[in-house]
Amino acid sequence: MFRDRLAVLTAFVALLGAHHPAATVFDLSDAVGRPAPALTLPGPDGAPLAIDGARGKATYVFLFASWCAPCQEALPFVRDDYAKYGDRINFVGVDVLEDVATAKLSVARAAFPFPVALFPIERLDALISPDAQLAAGAKYKIPADFLLDARGVVRFAWHGLAVGRDGVAYDVLPHYLAKLGIE
């Protein structure tokens, strides 16, 4: 009897796992206040890059695409922040929502001073239908920024370019870093 119940429970757990899609980099949006999902993405050269933040330092994750005008407008802030905080926090870029060839070219041209991973649109579409992506609202909006604390807990997530009442874009990362005690 016990073995039968254990077999049913094991089958149920396996069935539940089969219906949950693999974590995507966009799932950081849903993890605020919780540990980041374990994610390892390929870099442009194919080498794996962990996006988990659990490395003893806070981690800033920036999602972007070459075709995204707000992403391109945010890049100077990201570069300036890297120059100011790069010795104290990890920076990781993730080129998303474009095909692999375009992403590789984009990353090569941008010459980022920090590691960049690729999360191609084909991979996202294979995991989450485009209709579901559209229905999810801001979750798949870029640029998307995430700040993980030194233990890998997602503390802050923001989507889109921050724009003041005056219509001028501004950098919010220093504000969130200050909340983590990083000045």
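Mind listing just one residue for me: the one in the stretch 77-110 that is over 20 Å from TRP67 (Cβ atoms) and crowded, with 18+ Cβ neighbours inside 10 Å and, of those, nearest to the chain's Cα centre (by Cα)?
Once the filter is applied, the top-ranked residue is VAL92.
Could you tell me which residue of the stretch 17-34 is surrounded by the fewest Cβ atoms within 10 Å (Cβ to Cβ), considering only residues that are in a loop (DSSP other than H, G, I, E, B) and at pLDDT below 90?
HIS20
Return the residues of the stretch 63-76 that are within 15 Å of PHE112 (Cα to Cα), assigned to a helix (DSSP H, G or I) and within 17 Å of the chain's Cα centre (by Cα); say none if nothing qualifies.
CYS71, GLN72, ALA74, LEU75
Give the number of residues within the stretch 35-56 that are exposed (fewer than 15 other Cβ atoms within 10 Å of the Cβ) and either at pLDDT below 90 or over 12 Å from ALA103 (Cα atoms) (or both).
The number of residues fulfilling the criteria is 7.
State yes or no: is PHE64 surrounded by 20 or more Cβ atoms within 10 Å (Cβ to Cβ), of a type outside the set (A, V, I, L, M), at pLDDT 90 or above and touching a Cys at 6+ places or on another chain (Cβ under 8 Å)?
yes
Being more than 19 Å from LEU39 (Cα to Cα) and either touching a residue at least 40 places away in the same chain (Cβ under 8 Å) or of a type in the set (Asp, Glu) (or both) is true for just one of ALA103, ALA108. Which residue is that?
When all the criteria are applied, what remains is ALA108.
Yes/no per residue for (1) of a type in the set (Phe, Trp, Tyr); (2) more than 17 Å from LEU63 (Cα to Cα):
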residue: ASP99; (1), (2): no, no
residue: SER106; (1), (2): no, no
residue: PHE112; (1), (2): yes, no
residue: ALA135; (1), (2): no, yes
residue: ALA144; (1), (2): no, no
residue: VAL163; (1), (2): no, yes
residue: PRO174; (1), (2): no, yes
residue: GLY181; (1), (2): no, yes
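Would you call ALA169 farther than 20 Å from VAL92 by Cβ and in contact with a Leu (Cβ under 7 Å, 6 or more places away or on another chain)?
Considered against the rule, which asks whether it is farther than 20 Å from VAL92 by Cβ and in contact with a Leu (Cβ under 7 Å, 6 or more places away or on another chain), ALA169 comes out as yes.
For the stretch 168-183, which residues satisfy the criterion of being within 14 Å of ARG155 (Cα to Cα) and in contact (Cβ under 8 Å) with a residue 40 or more places away in the chain?
LEU173, PRO174, LEU177, LEU180, ILE182, listed by residue number.
Could you list all residues from the stretch 128-148 that are surrounded by 14 or more Cβ atoms within 10 Å (Cβ to Cβ) and among the aliphatic types (A, V, I, L, M)?
Answer for the stretch 128-148, where residues must be surrounded by 14 or more Cβ atoms within 10 Å (Cβ to Cβ) and among the aliphatic types (A, V, I, L, M): ILE128, ALA136, ILE142, ALA144, LEU147, LEU148.
If only one of ARG79, ARG55 is in contact with a Gly (Cβ under 9 Å, 6 or more places away or on another chain) and among the basic types (Lys, Arg), which one is it?
Just a single option satisfies the conditions, and that option is ARG55.
The values are calculated or read from the model by the stated rules, or taken from the named source; none is laboratory data. Not measured: the values here are computed from a predicted model. As a convention, Cβ positions derive from the backbone with ideal geometry for all residues, glycine included, and neighbour counts pool all protein chains shown.
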